[in-house]
1. Got at least one residue in region B:57-75 being farther than 18 Å from B:Val198 by Cα, modelled with pLDDT of 95 or more and acidic (Asp, Glu)?
2. Right, A:Glu550: surrounded by 21 or more Cβ atoms within 10 Å (Cβ to Cβ) and not in a strand (DSSP E or B) or not?
3. Could you list, in sequence order, all residues of region A:306-332 that are more than 11 Å from chain B (Cβ to nearest Cβ) and open to solvent by less than 10 Å² (accessible area, probe 1.4 Å)?
4. Going by the structure shown, is B:Ala223 within 19 Å of B:Phe260 (Cα to Cα) and in contact with a Lys or Arg (Cβ under 9 Å, 6 or more places away or on another chain)?
5. B:Met186 versus (1) buried (at least 24 other Cβ atoms within 10 Å of the Cβ); (2) under 25 Å from A:Thr423 (Cβ atoms): which is the lone unmet condition?
6. Return only the number of the condition from (1) within 12 Å of chain A (Cβ to nearest Cβ); (2) in contact (Cβ under 8 Å) with a residue 60 or more places away in the chain; (3) not hydrophobic (A, V, I, L, M, F, W, C) that B:His289 does not satisfy.
7. So how many residues does region A:673-690 have that are within 27 Å of A:Ala559 (Cβ to Cβ) and in contact with a Leu (Cβ under 9 Å, 6 or more places away or on another chain)?
8. Which one is surrounded by the most Cβ atoms within 10 Å (Cβ to Cβ) among residues in region B:260-273 that are free of Cβ contacts under 8 Å to residues at least 40 places away in the same chain and not hydrophobic (A, V, I, L, M, F, W, C)?
Amino acid sequence: MSVRDLFTAMSYGPAPDSPAEALAWIESHGGRLGHWIDGAFGTPDTAFAIANPATGAVLAHVAQGTAADVDAAVTSARHAQTEWAQRSGHDRARVLYALARLVQKHSRLLALLQTLETGKPLRDSHDADLPLVARHFSYHAGLAQLSGTEFPGLVPLGVCAAVIPWHAPLRMLAWKVAPALAAGNAVVLKPSRQTPLTALLFADLSRQAGLPPGVLNVVTGDGATGAALVAHPGVAKVAFAGSTKVGRQIRQAVAGSGKALTLMLGGASVVIVFEDADLDSAVEGVIDGVFTHHGQAGARLLVQEGLADRFHTKLRRRIERLRIGDPLDKCTDIGALPARPELDRIAHLVAATPGAELFRPAPPLADGRFCAPMLITGLSPASASMQDEIPGPVGVATTFRTPAEAVELANNSRHGLAASVWTENGSLALAVARKLKAGVVWINATHQFDAAAGFGGLRDSGFGRDGGLEGFRDWLKPAKAVPPPAPRLAPMPAPERPKAPDIDRTAKLFIGGKQVRPDGGGSRAVWSAQGRLLGHAPLGNRKDIRNAVEAARAATGWAATSGYNRAQVLYYMAENLSARAEEFAARLRDLTGTPGEAEVEAAICRLFDAAASAGSVEGRVKPAPFDGLVMALPGPMGVVGILCPDAAPLLGLVSLMAPAIAMGNTCVLVPSEPFPLAATDFCQVIETSDLPAGVVNLVTGAHRDLAPTLAGHMGVDAVWCFSGADLSAAIEAASAENLKRSWIGTGCEDASPAEVLRQAVEIRTVWAPAGV
Amino acid sequence: MTTDLTRAAAQLPQLAHPRNPGMALDLEWVAQAQANAPAIARRAASLPATRGVKKDHQAAWLCKAISLIDLTALSGDDTPGRVRRLCAKARQPVRPDLLAALGMEGLTTGAVCVYHEMVETAVRALDGSGIPVAAVSTGFPAGLSPYRLRLAEIGESVAAGASEIDIVISRRHVLTGDWQALYDEMCQMRQAAGSAHVKAILATGELGSLRNVARASLVCMMAGADFIKTSTGKEPVNATLPVSLTMIRAIRDYQDRTGFRIGFKPAGGISKAKEALVYLAMMKEELGHPWLQPDLFRFGASSLLGDIERQLDHHVTGCYSAANRHPLG
């Protein structure tokens, strides 16, 4: 076409970038890349091909990691980690700073290679991902520098395994590798089977930053390689990002191993559009957050009923303008996907749903690798496609009437990753943001990230945060050696000739603010060290746990009370315990055979600790390079199931219960199994302390019987186990179904007030932009 | 004086599209208009990277930009000689050898834009070219001279031969939320212009917020503006991408609601070829192809043309150019 013809047509024309630089790097390695272990590339024995999703052309061959490869990598990491951890924070900061600079200096090469292997538009790689990668290393250089002063008493975990997905491989690499290295860990990274090249390039470049050999190893391969890495006994922590399905498998695989675990899983995000929103901006937000940037999961769009038609019309018109094609072209919005999403399945599902309307401007091209986004309207929450995981660039829309209903619909989900709220009403935005069950909430925005702001999910979207101080803490552990598991204590034996008690005292379960008899109708006699019958402890069963969880869930109003109010209740509890200190001390002496005065005093002190925290725990405002406020808000997780330690039956109970409720959680506690009566006595303290019914529930009984029910209950959001019985494997495996946070402690010493507080809150990030 | 109507048809909206008749002031609609500044700023920041044109496409787009320029002289020291030079440049915006190499002979700017006193000179200088003359009016740039005189000024410029009138709105009506007053003023100015088409200058740099920009845009369109224009070029902040996006979205809503197409003219501060390409891509993405024609889109610019000439020279010769190799306007 002549210039004159183009003057009339005003079409864009092709504007591709050359991939030559990235191809040259591959060629410099002969097109075959082994694992990066101990600072050098190995020679691949068995290799598989990596194809460019946009063209199908083979880019390179990389090694299929075996168990032996994984072992070599972990061994190399273990040797290197000792020296790396001993370096000063400043020395590590210098290396991380150099890595940040290297990323900037090679941003074009890194972006090109990422686009070649992922099929995502070069613009996304270069303009969106790469700056975040550099920023992540730079920020964590800062944390390395400050680690000695900001995180006293904490040390690195050791060798950490990072397993990452294909949609943003460099960003995911940075999110795991930067904090891990800054904290003094060594890393074995297993990139996605589809996108290993960027990780290998990054490793290659890391030599220039002076990263010692072995501190970062990259083992390529498929799911089997990842499984071998996760299972390796030399690994102290597993950090996984990817699908909920694989996250659940990993949760089960590491259950009981003592390995630390963070899971950054997917799940449809939520976009809520209120009637006073800037609709055009909300449309752009949906385009940015849902339909572009290679989203692995779709989104649920909740639109206020009165404007739904207008909003959907605007959105459809905008979707039509999206350009799908060559990821190297400057004008491409949506490139090719390395893994074909099951969009046809969704389309069939929609076709079978009455009232649902599917908008799909173009059918998938080239074997489904180029996918046009889909908008599905007219669905109700009960539709399968509103409930299922939504793969790929799909928006599923429904309507709401009121803010309360919007929140209810948004939270009616197994997932809890990210949400965005669109309204010009500032107080409405904050009210909704506070109530959403999502790890990240963007107000009048989507798809904002920063190294200083934690990112991660709740519920089936996983646990742990990438970024921020809260994320960094997940790569550290207390310097103090973890005490060995407390021995399981046996109850005092029944004497041959029992003495009768003065007046029979019947201990009961405490559920929903009432003392209730156990469902099974059974009890166990509890004897003193001197052979005196102290009473009968009820034997709770799974139905009692069910009732207790129900009561705890009904008491969620507690979360909405002020910290000041919760502190008052905890102080009152301390007052009432103090008034009965002698009685409790005597009870403890009877139960355990040792004097109880010190334990009662310690329990009162813990109540004061918790009260103090309830009234003083602060959120943070993040130093993100962002015009507005990025806030980290600590909040309750919901219902916490707690198995108390065998020893110190009063202090163990109070040390865990008090911080949990101080932060607004409600809880179901299973008191010390051998010495349960201190807890049943404590019910009376609770009853007289103005604590709302259901906030604390106590079910005595056999830990081994009750733990699986508690850990497997979908209504429990976190489970803590300090039991003398070795239940960690059972609890962690059972917790996999709804991916609740679990915390396995090995003694009361573990339960330092600061650590319990950290475990008792969920930190959510809220992004509130500013501007006129 | 002869007018080439076939040429004029390409330039004047009232001839190519049904002219916006305006509508009753809909205060509810005005009240509902929203513009979230941070979100608009993000979209504006990402826009330039999302679309690009290369090689022949870029040359064609730059020629298009020239055809959309209201070549402007709005200085206190303008003289008839200066304006005649400007008009000569409007007729022959690019060196003839370059236009020949591009196959774009006959390319002219969209219009020439001058003060009232220079209208007759410009009309005479452009006789036979089909290039319309636009007059800034109504007490430009502040719009604070007596209302009666501002209205009269429009009529005089039309009588002098201006076929486009760039009026300035009373910013105080926006800043005090007196939408009725703004509407009434705009209606009367439109009436005073008769068949000349009216560009309403919002002076967005003085409106305080993007939401005010959105609301003022709607009110002016309701009152019958043919074009809405960002700035006089004399405010501290002139055309910006966020302001332009806000106005463009208002134009789209107005078309959705009424069916009438309103033109857009960013003015002031656009001086680079690269920026012009971003604006064109934005018009194409947000409003579509019809807004890439002079009847619905203009650049108010004086130095933009020079940069485009150098880029076209580079396209033709492969060598980076210099200003002294291109004739002055």
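The values are calculated or read from the model by the stated rules, or taken from the named source; none is laboratory data. These numbers come from a predicted model, not from an experiment. Ideal geometry is used to build each Cβ from the backbone, glycine not excepted, and the neighbour counts take in all protein chains shown. Only protein heavy atoms, including side chains, enter the accessible area calculation; ligands, DNA and RNA are left aside. Shrake-Rupley method; radii C 1.70, N 1.55, O 1.52, S 1.80 Å.
1. The answer is no, given that none of the residues of region B:57-75 is farther than 18 Å from B:Val198 by Cα, modelled with pLDDT of 95 or more and acidic (Asp, Glu).
2. No: the conditions fail for A:Glu550.
3. A:Ala308, A:Phe311, A:Leu315, A:Ile319, A:Pro327
4. When the stated conditions are applied, B:Ala223 passes them.
5. (2)
6. The one condition B:His289 does not meet is (2).
7. Total meeting the criteria: 7.
8. B:Pro266
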